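These notes concern the structure reproduced below.
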Amino acid sequence: MSSIANRQKQKIEMLDAVIIGAGFSGLYQCYSLREIYGDNIVVLEAGDEIGGTWHWNRYPGARCDCESHTYCYYFSDVLLAEWEWSERYPKQAEILSYLNFVADKLDLRGLIRLGQQLCTATWNGSDNCWHLRTKQGLTLSCRVLVTAVGCLSSANIPSIAGLEDFEGAYFHTGNWPRQGVNFSGKKVVVIGTGSTGIQVIPKIAESAQKVSVLQRTPNYSIPARNTNRDARFWEDFRKNQTDWHNKMIESRNGHPWRAEPRQLKNTQLSEARVILDAAWQMGGLRFKDCFDDILTDLESNKIMADYISLKIKQKINDPSVAAMLTNFDHAFATKRPPIDFNYFETFNMENVDVVDIRSDPIKKINKGNVELHSGDRLEADVIVFATGFDAMTGALNKIDIIGRNGQALSEYWQNGPKTYLGLVMPDFPNFFMITGPGSPSVLTNMPRAIEQHVEWISGILIHMKIKGYQYCAVKAEQPELWAQKVEEAASETLMPTANHSWYLGANIKGKPRQFMPYAGGLNRYRDICLSEANSNYENFVFLR
Ligand code: NA7
């Protein structure tokens, strides 16, 4: 074996750190850990290209619901200076191009192993290392393991009798084929009306012969009001880029605004109407924040929900269809609120029908149709599952992670995820999760949550390096204490009242019900993480 190959072998066998996933979080963590350890790190990525969420979710209409100038990295002035987004809400392909631009600009590709799906990670107390094996047979050891697997990356295809007999094609939106799907002249059944269904349905309707939308729960949605971004926008942006960043990191949700300090229920109806109209006209996720009590006061929430309902009804020609699409069973924004690009207008098209599968559920799938309990059969050449994800824990539970004393992560989490700050767990030394359960993650503009986590993880690893520590683990009592804080924060909002949401794990059969993200605000959370670091990590045990 040549000396280069020898070095290569050595390098693969014992690394300072391995990162799982090459999406938004994995790329930044890779860059950041290279600053600490040099090139003795590896990123394992299951996909055949980088991009994470934006590699897998390439269904027609896929876009981000955060505004493009905020949905990007802010840690690097070079990246900020050299990239301009073309629209207010970036399309999947543009986000993927952005992440490829980042990987090239930061020269990360040499550290990323594509097509390597981690199946086991086992902690060995005698050498204080994680031992990893991928499905493809690669084995590695590392001192530090960071998961950057995404919160919505484990696609959920519900188990429906007869799916295996279906003679057409079926696809989950979160696992969309690279070559695309031709809907032209096809009869298509779409299951699911969450953010994804709301994006994909109008696009499928453009070419399909017939689209049957199977709706279990109607969804509030706010018009996105997409626009192009011109040179003028970017000129202004560059002048105020620090302000934009400050606004985001000081906010609850990582967006560049704060909720207006006024309560809807205490506002005169005529004045409220003017405010709501202006917010509706502006569109996007900011709509909710034109008052600050929407997620804490049921009465205010109801006024806003009724307003949205009326606005939606005005877009739909057939009153019975309008009634079906606005038959809400939860308070506004207690499930993640979508924004839309002509979703409701799509139901005015001749070739589009909505079917209420709450009152008439799916019974089974036959060779060429989806059959309901009533006996109605919806013909299908293609079935599209826009049925969401095993959120926040699904991707981690798919890996066989065995910590100290043989503790399996799946067992540790069997009654719901337990973490300290969504970042670490006691029996899993030198193991860190980016946007894990118990962190604000899915309640935020993700790049802001990701940057905060990556920087915190890098901070503790620098601390270890300076002090010569080989081992760190959070103290045993911390997850219990943090779980109380996560529960308290959720209970200060209306969010747990949507008892079938994926925030609670309720969309997955058998999954324990627990409100998983930290709802106390990214700003408050950042301070908690900072004070842990400023205390020299008083809740951690370190060993040399
Ligand atoms: P969501 O928001 O989980 O939506 C999934 C949709 O699929 C929702 O309408 C579900 O109805 C429906 N669903 C799920 N399982 C079934 C079964 N078994 N039968 C019928 N209908 C079903 O996932 P999305 O992909 O739309 O969005 C996820 C996030 O990605 C989103 O919040 C953004 O952050 C990006 P239900 O409401 O459960 O009755």
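Bear in mind these aren't lab numbers, they're just calculated from the coordinates by the rules spelled out. Here the structure is a predicted model, which is why all the values come from computation and not from measurement. Note that we place each Cβ from the backbone using ideal geometry, even for glycine, and neighbour counts take in every protein chain shown.
Which ordering of Ser207, Ser439, Ser86 is given by a fewest-first count of other beta-carbon atoms within 10 Å? Mind dumping the intermediate values first?
Working: Ser207 15, Ser439 28, Ser86 11.
In order of increasing Cβ crowding within 10 Å: Ser86, Ser207, Ser439.
I'd like to compare 174-180, 48-54: which one has the highest average count of other Cβ atoms within 10 Å, and what's the full order after that?
Result, highest mean first: 48-54, 174-180.
Label the stretch 36-177 by shape, choosing from rounded, prolate and oblate, from the square roots a ≥ b ≥ c of the eigenvalues of the Cα gyration tensor; if a/c is under 1.5 it is rounded, and otherwise prolate applies when a/b is larger than b/c, oblate when it is not.
oblate
Under the definition of Cα pairs under 8 Å and six or more residues apart, what whole-number percent is the relative contact order of the chain?
With pairs under 8 Å counted, the relative contact order is 19 percent.
Which of Glu411, Glu84 has the fewest other C-beta atoms within 10 Å, and how do the rest follow up to the most?
Glu411, Glu84
Given the alpha-carbon gyration tensor of the chain, what are the semi-axes of its equivalent ellipsoid in whole angstrom, ordered largest first, with each equal to the square root of 5 times an eigenvalue?
Taking √(5λ) for each eigenvalue gives 39, 28, 23 Å, largest first.
Say each of Lys265 and Leu481 gets a label point 7 Å from the Cα, pointing the same way as Cα to Cβ; how far apart are those two points in nm?
Result for the modelled spin labels: 3.5 nm.
Of Ser374, Ala272, Leu409, which is farthest along the charge dipole of the chain in the positive direction, counting Lys and Arg as +1 and Asp and Glu as -1 at C-beta?
Leu409
Taking a 24 Å limit on the Cα-Cα distance, which of the listed pairs Lys187/Lys398; Lys186/Lys398; Lys363/Lys509 fall beyond it?
Over 24 Å Cα-Cα: Lys187/Lys398; Lys186/Lys398.
Check cross-link reach from Lys247 to the lysines: straight Cα distance under 16 Å, and skip same-chain residues fewer than eight apart.
Partners found: Lys239.
With axes computed from alpha carbons, what is the tilt in degrees of helix 269-282 against the longest principal axis of the chain, rounded to the nearest 10 within 0 to 90?
The two axes meet at around 60 degrees.
Return one number: the angle in degrees, 0 to 90 and rounded to the nearest 10, between the long axis of the Cα atoms of helix 298-315 and the longest principal axis of the Cα atoms of the chain.
Compared with the principal axis, the helix lies near 60 degrees.
How about the stretch 366-439: which trypsin sites (Lys or Arg not before Pro) there are in a DSSP loop, with at most 14 other Cβ atoms within 10 Å of their Cβ?
Those satisfying the criteria are Lys367.
Shape call for the stretch 441-544 from the C-alpha gyration tensor, a ≥ b ≥ c root eigenvalues: rounded (a/c under 1.5), prolate (a/b greater than b/c) or oblate?
Details: a/c = 2.31, a/b = 1.93, b/c = 1.19.
It comes out prolate by the Cα gyration axes.
Using only Cα atoms and rounding to the nearest 10 degrees, what angle (0 to 90) does helix 522-534 make with the longest principal axis of the chain?
The angle comes out near 10 degrees.
Quick one: work out the % antiparallel among DSSP beta bridges in the chain, nearest 5.
The antiparallel proportion sits near 40 percent.
What ranking of Val144, Val78, Val321 emerges when the number of other C-beta atoms within 10 Å of each C-beta is taken as an exposure proxy, fewest first?
With the sparsest Cβ surroundings first, the list reads Val78, Val321, Val144.
Would you tally the net charge around Trp85, using a Cβ to Cβ cut-off of less than 15 Å, leaving Trp85 out, and scoring K and R as +1, D and E as -1?
Within the 15 Å Cβ shell, the charges total -3.
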